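Visitor: Starting off with a structure, shown below.
The values are calculated or read from the model by the stated rules, or taken from the named source; none is laboratory data. What you are looking at is a predicted structure, and each value in this text was computed from that prediction instead of being measured. Please note: Cβ atoms are built from the backbone with ideal geometry, for glycine as well, and neighbour counts cover all protein chains shown. Only protein heavy atoms, including side chains, enter the accessible area calculation; ligands, DNA and RNA are left aside. Shrake-Rupley method; radii C 1.70, N 1.55, O 1.52, S 1.80 Å.
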Amino acid sequence: MNVKEHDDWLTNDTAAAIVIREPLLSVEGADGVIFPATYAAAEDKNVFPGGYNIDPPHGEKNVCLVDSVGSQANRIEPLFAKTDYADLVPQIVITAGDKSVNLLEAGHRAGDAIVRCTSLQKCLQDAFYNVLKGDATELAKVSPTSLVFGVWDSRDTQAKLPRLLASTIRAFDVVRLTRSAQFNPAADYIGLGLLEDTTDKKTKDEYAKRGFIHVPAAGAPGGVIAKGGIRRDVTLSLAALRLISAGDDINQSLMLRRYVLGLALVALTAPAQTYLRQGCNLVPDVNQPKCMTLVRADGNRDPITISHHDATEYAKVAASEFGVGSSQSVSFDTELAKKDIAGESNVKPTRKRPGKAESK
Amino acid sequence: MSELLCITFRFIHPFPLFHGRAEADKPEWPPSPLRAYQALLNAASMRGRGRPLDAEVRSVLTMMESITPRIIAPIGQIAKVGYRNYVPHNQADLVTAAWNRGNLDASIASHRMEKDSLPIRITYDEAALPAVHFLYPLELIADDAQRCLSTIRPAARAITALGWGIDQVAADATVLTHSDAALLCGEVWNPTCAGGRRLRIPRTGVLDELTFRHDKFLHRIKDGNFTPVPPITATRIVSYRRDIDPAPRPYAVFKLLDANEDAFRYPHAKLMHIAGMVRHVAIERMRDDPPHWIGDSADWINRVVRGKQDEAASDHYQFSYVPLPSIGHAHADGLIRNVMIVAPPGMERELEYLAERLNGELLTPEDYRPSDENGSLPPTDGPIELQRFTPPAKKFIASCYLGASPTWRTVTPVILPGHNDKKAQKTEKLIQKALQQSGLTAPCEFSWQSAPFLKNCLSAHKYDRDGRHTGYHRPAHLRGLTAVHMQLHFAEPVLGPITLGAGRHCGFGLFAVPL
């Protein structure tokens, strides 16, 4: 594997992105029912009443969001904790009481407040300050996936790095289904005189909640049939990748970018997680192979091919050249927590205003 | 030949969406010039993170501050439904502290906040990536086009997103001639004086202010206290209109006053009389004092002021004299107290010239008779004085006749350019013809009916069931034509005044914004 293979993407600003379109199928077949993600109603229910996100809500020509960017990122990032890829990134495990969390699972990655009361806090704070000065080396040594999926140190330095990888699954021209059900109590509690009969709605609702009476449930979301197919779209922004550097050191910057590109290519080409949720098991459509395109800054698009095997090999060589940071296990530090609360730690408390939410 | 600096944003996601928000958190389309400028500045700064902005880049960005660019964008439509995500607050330290205390039930799931999405769906085809172009006149930025391009292009190519972070783009900068720019695909959005979409654009000082705000953002949490980042002020709002949207027509509004300088009222059904009287006075005044820049004034008066057209001419390039019925609330009487002169687009100067000379003029009804000296004969109505005024905001003329709305309804019926033979299909064709003649080329849906939409307005029928004359008095040349009340619905808000049909120059086919 030649680690210089993709250097043109890392140094020349003509390449803007790599895009993958991957047709998917329900495991039941093309006409199988799938269950997309459901969403809560918006404050104004006229804008969105809740349920599936199907736009427009009526008519055949529509688009249904099956899995959002944030959700896809949550599924892809833990890939680097798996045995085959675990050596590509440092494995940082944070232990608190009887629980332990891999930093790869933390919602805000290296910017997650989970590290605030651990020995990693100072290290990551310094890494983010270096990012603000144009050097992401230290961050790549601790949390390289933060460079792939984007990060915002919202609780401390405010350093931000853009997302390189975005993936979404959508279904097209869907037919919405509903389902209804009927709960039957184990015994006729009222008929047997075990409970008092009533016409009071409040009492009836209480009976229903406790399963003492028959409860019909009608019109609940029953999945969709995707007549226009299901597609996973993944983009890798090379323009954002070129914004990562190791200060003024050109060679070190190139090695850093190769390492991050390797990780991004692994994530980009890795087989997608098939089981999204109950009733939504999606596999690649073997009759329609995925297509990969290199998008140029001037809008031209060239077909390219990078297999997952090649991407992994490239990532291994690039990681070896750059030097993967050491894995470590850190514990929740009660003393640091006390200092944090007392405002004596390196990071001042910010609980007067909670950290702003950031989607993963 | 003058050239243009073109900053292009191409949406690379195979299903392109745009999540950027405008004022009051409303979906924004096209992306505002301020957004494009911020993206460019951000990319330029990120390329040299930790160092001051390159002097040449800074110089170009400073010059771009005060330019209002033209925008070419694909069609964007607000999604019919949005969705609500719940995203985690960055408060996992509270959760781990709870675990450490032995509370293993603590979960980050209880530290979440809602985040609503209502994106713009961008129309695209497979042949090319959907692109938004911002066109800046190059002569206002730099003398040397190639040097300017080599300065700004690396920054443009470093842009990664426009809108939210998930709206990934491939950006570029190019230098185009005007003929190159004319070949770009998409809807052309130009700054306009009225109507259109309100977009934020930068103004002088925005570069320094954004740099200052970024510094404030980095230090917004200090000593445990949160210091809000000050809002951006070096911006202004400019209205942008697509070139396919109907151009707003210039107008001048007059009050009708009686001899006591009170509002003069004229019957709604006879509004054509007011139109005729105003037209008559306009012809007289222009004969006495024609605009000096008009070559053949007699011909101009005949065509534009009087409205006598060559039969072969398809476009009626003339002033319209439009009496304005009083509407705007449930009990409005529909009487005529005001009149408006509407000019074709581009004739602002001629209209202004005419309106200045009509201010204070008297309209004299044909049967006007002053009281005789001994008072044996009572005076008939009139004369009526024209007094020019600017319609106050939020009153019925400004809001109903001159406002912007996607939906418009007739106040006076549209007289179709032909007879419909009582066939719906023919009516539809005649309406399409009327829309074309009036210059309303933007796509719209329409419906029609005979009954008026407003109280005190009259049916479009000429005769009642007993064959007696009913409805509006019409000029002789319009009596044989079909009239209908109509509702128009455009995809975008359209700015008034709107008049339609064969009688549009004398007060028929006047539309108002539904209340």
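Visitor: Quick check: anything in segment A:202-219 open to solvent by less than 20 Å² (accessible area, probe 1.4 Å) and of a type outside the set (S, T, N, Q)?
Guide: Checked segment A:202-219: at least one residue is open to solvent by less than 20 Å² (accessible area, probe 1.4 Å) and of a type outside the set (S, T, N, Q).
Visitor: Let me ask something else about it. Condition first: more than 9 Å from every other protein chain (Cβ to nearest Cβ) and under 23 Å from B:Ala161 (Cβ atoms). Can you find one or more residues in segment A:98-118 that meet it?
Guide: The answer is yes, given that some residue of segment A:98-118 is more than 9 Å from every other protein chain (Cβ to nearest Cβ) and under 23 Å from B:Ala161 (Cβ atoms).
Visitor: Mind checking which residues of segment B:119-138 are under 27 Å from B:Arg153 (Cβ atoms), in a loop (DSSP other than H, G, I, E, B) and either without any contact (Cβ under 8 Å) to a residue 40 or more places away in the chain or more than 9 Å from chain A (Cβ to nearest Cβ) (or both)?
Guide: B:Tyr124, B:Ala127, B:Pro130
Visitor: Out of the residues in segment A:139-179 that are in a strand (DSSP E or B), open to solvent by less than 10 Å² (accessible area, probe 1.4 Å) and at the interface with chain B (Cβ under 8 Å from one of its Cβ atoms), which is farthest from A:Asp87 (Cα to Cα)?
Guide: This residue is A:Thr168.
Visitor: Only one of (1) more than 14 Å from chain B (Cβ to nearest Cβ); (2) touching a Leu at 6+ places or on another chain (Cβ under 9 Å); (3) open to solvent by 30 Å² or more (accessible area, probe 1.4 Å) fails for A:Pro303. Which number is that?
Guide: The failed condition is (1).
Visitor: In this structure, is B:Ile201 touching a helix residue (DSSP H, G or I) at 6+ places or on another chain (Cβ under 7 Å) and within 11 Å of chain A (Cβ to nearest Cβ)?
Guide: Against the criterion (touching a helix residue (DSSP H, G or I) at 6+ places or on another chain (Cβ under 7 Å) and within 11 Å of chain A (Cβ to nearest Cβ)), B:Ile201 does not qualify.
Visitor: Output the residue which, of all residues in segment B:204-223 that are part of a loop (DSSP other than H, G, I, E, B), within 14 Å of another protein chain (Cβ to nearest Cβ) and out of contact with any Ser or Thr (no Cβ under 6 Å at 6 or more places or on another chain), is surrounded by the fewest Cβ atoms within 10 Å (Cβ to Cβ).
Guide: Applying the filter and picking the extreme gives B:Asp223.
Visitor: Where residues in segment B:264-282 are under 17 Å from B:Ala252 (Cβ atoms) and not aliphatic (A, V, I, L, M), which of them is most open to solvent (accessible area, probe 1.4 Å)?
Guide: Applying the filter and picking the extreme gives B:His280.
Visitor: When the residues of segment A:21-43 are narrowed to those that are more than 9 Å from chain B (Cβ to nearest Cβ) and part of a loop (DSSP other than H, G, I, E, B), which ends up nearest to B:Ser117 (Cα to Cα)?
Guide: A:Pro36
Visitor: A further question on this structure: Exactly one condition in (1) farther than 30 Å from A:Lys61 by Cβ; (2) in contact with a Ser or Thr (Cβ under 7 Å, 6 or more places away or on another chain) is false for A:Leu238; which is it?
Guide: Only one criterion is unmet by A:Leu238, namely (2).
Visitor: Scan segment A:3-20 for residues that are at the interface with chain B (Cβ under 9 Å from one of its Cβ atoms) and part of a loop (DSSP other than H, G, I, E, B) and jot them down.
Guide: A:Asp13, A:Thr14
Visitor: Within segment A:231-259, count every residue that is more than 12 Å from chain B (Cβ to nearest Cβ) and either in a loop (DSSP other than H, G, I, E, B) or open to solvent by 10 Å² or more (accessible area, probe 1.4 Å) (or both).
Guide: Residues in segment A:231-259 being more than 12 Å from chain B (Cβ to nearest Cβ) and either in a loop (DSSP other than H, G, I, E, B) or open to solvent by 10 Å² or more (accessible area, probe 1.4 Å) (or both): 8 in total.
Visitor: Next question, about the same structure. From (1) away from chain B (no Cβ under 11 Å); (2) surrounded by fewer than 24 Cβ atoms within 10 Å (Cβ to Cβ); (3) within 15 Å of the chain's Cα centre (by Cα), pick out the condition that doesn't hold for A:Pro90.
Guide: (3)
Visitor: State all residues of segment B:95-118 that are open to solvent by less than 10 Å² (accessible area, probe 1.4 Å) and either under 46 Å from the mean Cα position of the chain (by Cα) or more than 11 Å from chain A (Cβ to nearest Cβ) (or both); if no residue qualifies, say none.
Guide: B:Ser117 - this is the single residue of segment B:95-118 that is open to solvent by less than 10 Å² (accessible area, probe 1.4 Å) and either under 46 Å from the mean Cα position of the chain (by Cα) or more than 11 Å from chain A (Cβ to nearest Cβ) (or both).
Visitor: Further question on the same structure: Which residues, taken from segment B:483-501, are at pLDDT 90 or above and either touching a helix residue (DSSP H, G or I) at 6+ places or on another chain (Cβ under 8 Å) or open to solvent by less than 10 Å² (accessible area, probe 1.4 Å) (or both)?
Guide: Within segment B:483-501, B:Val484, B:His485, B:Met486, B:Leu488, B:Pro497, B:Ile498, B:Thr499, B:Leu500, B:Gly501 meet the criteria.
Visitor: Do you know which residues across segment B:455-502 are among the aliphatic types (A, V, I, L, M), within 23 Å of B:His331 (Cα to Cα) and touching a Gly at 6+ places or on another chain (Cβ under 7 Å)?
Guide: Of everything in segment B:455-502, those that are among the aliphatic types (A, V, I, L, M), within 23 Å of B:His331 (Cα to Cα) and touching a Gly at 6+ places or on another chain (Cβ under 7 Å) turn out to be B:Leu458, B:Ala460.
Visitor: Here is a follow-up. When you go through (1) facing chain A (nearest Cβ under 7 Å); (2) open to solvent by 60 Å² or more (accessible area, probe 1.4 Å) one by one for B:Ser66, which number turns out not to apply?
Guide: (1)
This table checks each residue for (1) of a type outside the set (Asp, Glu); (2) at pLDDT 95 or above; (3) open to solvent by 30 Å² or more (accessible area, probe 1.4 Å); (4) part of a loop (DSSP other than H, G, I, E, B).
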site	(1), (2), (3), (4)
B:Ala36	yes, yes, no, no
B:Leu41	yes, yes, no, no
B:Met46	yes, no, no, no
B:Gly50	yes, no, yes, yes
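Visitor: What number of residues in segment A:260-300 are open to solvent by 60 Å² or more (accessible area, probe 1.4 Å) and of a type in the set (Val, Ile, Thr)?
Guide: 1
Visitor: I've got another one for you. Please specify each residue of segment B:69-109 satisfying the condition of being of a type in the set (A, V, I, L, M, F, W, C) and in a loop (DSSP other than H, G, I, E, B).
Guide: If the condition is that a residue be of a type in the set (A, V, I, L, M, F, W, C) and in a loop (DSSP other than H, G, I, E, B), then B:Ile75, B:Ala79, B:Val81, B:Leu104, B:Ala106 are the ones that fit.
Visitor: Out of the residues in segment A:307-343 that are without any contact (Cβ under 8 Å) to a residue 60 or more places away in the chain and open to solvent by less than 60 Å² (accessible area, probe 1.4 Å), which is farthest from B:Leu129 (Cα to Cα)?
Guide: Only one residue fits best here, namely A:Gly343.
Visitor: Considering only segment B:165-179, state which residues are hydrophobic (A, V, I, L, M, F, W, C) and either more than 9 Å from every other protein chain (Cβ to nearest Cβ) or within 27 Å of B:Leu140 (Cα to Cα) (or both).
Guide: B:Val169, B:Ala170, B:Ala171, B:Ala173, B:Val175, B:Leu176
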